[in-house]
Amino acid sequence: MAEVVKTLHGDVRGTAAGHGYVFLGIPYAAPPFGANRLRPPQPVQPWSGVRDATELGPEPPQAAPPATGGTASGAAEDWHDVDAAFAEVQRAGATDDCLNLNVWTPDPGARGLPVMVWIQGGMFELSSTAAYDGSRFARDGVVCVVISWRPGAEGFLYLDDGIANVGLLDQIAALEWVRENISAFGGDPGNVTIFGESAGAMSIGVLLAMPRAEGLFRRAILQSGAAHHVTPAAVARRIGGYLAEKLGVPATREAIAAVGVDRLLAAQAALKEDLIARPDPDRWGQSVVSSGMPWQPVVDGDVVPGPPIDRIAAGSGGQVDLIVGTNTDDWRLWLLVSGAIAQITDEILTGPVTSYGYQSLAAYGLPVEKALAAYRDRYPQALPGDVLAAVQTDWWMRIPAIRLADAHAGSAAGTYMYEFAWPAPGLGAVHAIEVPFVFDTLGPNVPLFGPMLGDDPPQELADSVHSAWVTFARNGDPGWPRYDLGRRATMRFDTTSRMVEDPRSWERELWDGAR
């Protein structure tokens with residue numbers, strides 16, 4: 001059965017789903033091509049008649065992820081390659097209305113339902129909505145929105161020309177669309193929770209610090225991402241120059257915008273390959289070499305006025321209720337996929353950065369001998385690759401999440417911390433494994449995430465995590481005590497979930513000197 005909803009720009013026709021109605025591919029901004037290429041999002045042009053919203057919309061231009069350089073080994077050999085999983089949800093080509101969003105609602109005729117807006121991850125290089133099904137949120141009385149936004153150079157090219165972070169501005173445009181239109185789908189524009197994972201969570205960490213995002217959301221959930229991974233303006237400008245060199249054009253927005261999409265994506269992929277092959281901090285900047293992400297949000301002084309974690313510590317985002325957390329083995333995923341986990345030795349762990357790059361503990365600013373002893377004491381059975389995975393998890397995810405919670409805990413709004421600890425067979429509690437539990441979409445055929453879950457993922461854990469997210473979106477309380485600097489209460493999600501106090505005190509103390 002079809003359902004028609006009237007938005008500010010025109011009518012859209014969706015379809016009945018199992019738990020309500022779904023509207024797919026609704027444009028929230030004008031096509032970012034032609035005169036709009038590489039520029040901030042522009043308003044949608046109204047349409048006449050009824051627009052079909054029954055199929056996923058086109059995706060923004062994006063380069064395929066680089067080769068991982070190997071396959072997973074050991075118990076993880078049967079899991080599908082991550083590159084293949086990304087390819088499964090990646091849709092070819094770029095057509096006009098790629099700045100679009102999907103809406104699931106229990107009833108367009110309802111009033112005042114809580115709203116949740118999902119910002120997906122993808123290393124700031126990928127942006128696909130295909131793997132995210134919001135129907136279970138609609139089942140539980142929530143209007144769920146999943147947005148598409150420009151990644152890579154299309155979204156984060158910086159040339160010091162007065163334009164910056166257009167990918168983040170896409171996210172803000174989508175949130176403005178929600179504010180103006182979501183009541184037509186039964187939602188309450190005054191009760192919006194944004195939630196996201198990895199680069200999506202990092203985006204939220206930046207949105208909390210952006211004046212232009214103020215007032216667009218009441219609550220936020222950051223899954224395996226915080227407010228630390230950004231690029232200084234001088235470094236971002238240098239990367240924009242390298243891209244122009246690859247294209248053989250002047251380093252101006254007009255010249256780069258004039259090249260075709262395929263040519264720009266090829267140059268972007270070649271630039272990423274250069275970064276992987278020659279991770280020289282003098283060339284790329286320490287922040288880019290550390291993260292391996294040349295297209296991060298940029299601290300430009302305007303759209304992003306300063307380092308997000310500093311602005312949050314000073315009070316930005318203090319009116320927003322917050323959940324922030326990580327997975328126990330977050331970064332282990334990438335070492336498994338690349339095969340590197342079996343190749344790490346003690347010599348590599350304790351060796352110089354110049355010889356071993358970011359496989360050396362020294363690369364993370366830690367006192368090597370002290371750090372190695374601390375991780376060995378904590379994980380006495382760990383092989384060298386396991387130690388590196390734990391260090392990288394802490395550097396990438398856990399310590400930034402703790403520091404964000406610490407910075408926000410002094411605000412009037414609520415702060416909550418979690419750790420997702422359920423170990424997927426052969427993988428552990430790795431990066432992104434919590435996403436199908438959050439969406440309550442367990443099953444082997446779920447795009448991207450299904451192959452990670454094994455044969456019998458625990459539905460009771462999905463019930464627990466999903467309901468906590470829904471309850472938080474409804475009233476700001478996920479069901480466990482607030483995080484403060486005294487107890488540091490943390491909900492540890494597993495087949496048996498429980499609240500623990502300050503579970504990562506030893507990491508905090510070790511990493512305090514490595515800022």
Next item on the list: Give a residue-ordered list of calculated ³J(HN,Hα) values for the range 142-153 (Karplus: 6.51 cos²θ - 1.76 cosθ + 1.60, θ = phi - 60°; whole Hz; x for Gly, Pro).
Entry: 10, 8, 10, 10, 10, 10, 9, 8, 7, x, x, 5
Next item on the list: State the volume of the convex hull built on the alpha-carbon positions of the range 104-243, expressed per residue in Å³ and rounded to an integer.
Entry: 102
Next item on the list: Quote to one decimal, in nm, the extra length available between ALA270 and ALA234 on full extension: 0.36 nm per residue of separation minus the C-alpha distance between them.
Entry: 10.8 nm
Item checked: For VAL298, residues with placed amide H under 5 Å, excluding near neighbours -> ASN165, THR231
Check: Stretch ASP455-ASP477 to full length: gain in nm at 0.36 nm per residue minus the Cα-Cα span?
Finding: 4.7 nm
Notebook entry, point to check: Long-range amide H contacts for VAL117: which residues qualify at under 5 Å (H placed 1.01 Å from N, peptide plane, sequence gap of 5 or more or a different chain)?
Noted result: VAL145, THR193, ILE194, PHE195
Notebook entry, point to check: the range 385-515: D in µm²/s via Stokes-Einstein (Kirkwood Rh, Cα pairs, 25 °C, 0.890 mPa s)?
Noted result: 154
Item checked: Pair LEU8, ALA314: separation of 7 Å Cα→Cβ label points (nm) -> 3.0
Next item on the list: Quick one: what are the phi-derived ³J(HN,Hα) couplings along the range 355-366, Karplus 6.51/-1.76/1.60 with θ = phi - 60°, whole Hz, x for glycine and proline?
Entry: 8, 10, x, 8, 9, 9, 4, 4, 5, 9, x, 8
Check: Roughly what would the spin-label model give for TRP47 and THR252, points 7 Å off Cα along C-beta, in nm?
Finding: 3.5
Note to self: I need to check one value: relative contact order of the range 92-155, counting alpha carbon pairs closer than 8 Å and at least 6 residues apart, in percent.
What the structure shows: 47
Notebook entry, point to check: In straight Cα distance, which lysines are under 29 Å from LYS272, not counting same-chain residues fewer than 8 positions off?
Noted result: LYS246
Checklist line | Cα centroid separation, the range 207-247 to the range 304-335 (Å) | finding: 12
Margin query: Sequence gap at least 6, Cα distance under 8 Å: using those rules, report the relative contact order of the chain to the nearest whole percent.
Written below: 14
Checklist line | Length-normalised contact order for the range 475-515 - Cα pairs under 8 Å, 6+ apart - percent | finding: 25
Next item on the list: Provide the packing ranking of 427-440, 260-273, 159-172, i.e. peptides ordered by the mean count of other C-beta atoms within 10 Å per residue, highest first.
Entry: 427-440, 159-172, 260-273
Next item on the list: Could you order peptides 105-115, 295-305 by the average number of other Cβ atoms within 10 Å of their residues, highest first?
Entry: 295-305, 105-115
Margin query: So if I take the alpha carbon set of the chain, get Rg, then get Rh from the Kirkwood formula, what is the Rg over Rh ratio?
Written below: 0.94
Next item on the list: Step through the residues of the range 105-119 one at a time and calculate ³J(HN,Hα) from phi using the Karplus curve (6.51 cos²θ - 1.76 cosθ + 1.60, θ = phi - 60°), rounding each to whole Hz and writing x for Gly and Pro.
Entry: 9, x, 6, x, x, 6, 9, x, 6, x, 10, 10, 10, 8, 10
Notebook entry, point to check: Pulled fully out, how much extra length does the chain show between ASP107 and GLU245, if you take 0.36 nm times their separation in residues and subtract their Cα-Cα distance?
Noted result: 44.5 nm
Next item on the list: Quick one: which residues, 5+ away or cross-chain, put their amide H under 5 Å from the amide H of MET499? H built at 1.01 Å from N.
Entry: ARG492
Check: Sorted from fewest to most neighbouring beta carbons within 10 Å, what does the list ASP377, ASP330, ASP477 look like?
Finding: ASP377, ASP477, ASP330
Check: FRET efficiency for GLU501 and ARG212, Cβ-Cβ distance as r, R0 = 41 Å, nearest 0.05?
Finding: 0.65
Item checked: Stokes-Einstein D for the range 236-306, Kirkwood Rh over Cα pairs, 25 °C, 0.890 mPa s (µm²/s) -> 190
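Values in this text are rule-based calculations from the coordinates and carry no lab data. All values derive from a computational prediction rather than experimental measurement. Using ideal geometry, Cβ is built from the backbone for each residue, glycine included, and neighbour counts are taken over all protein chains shown.
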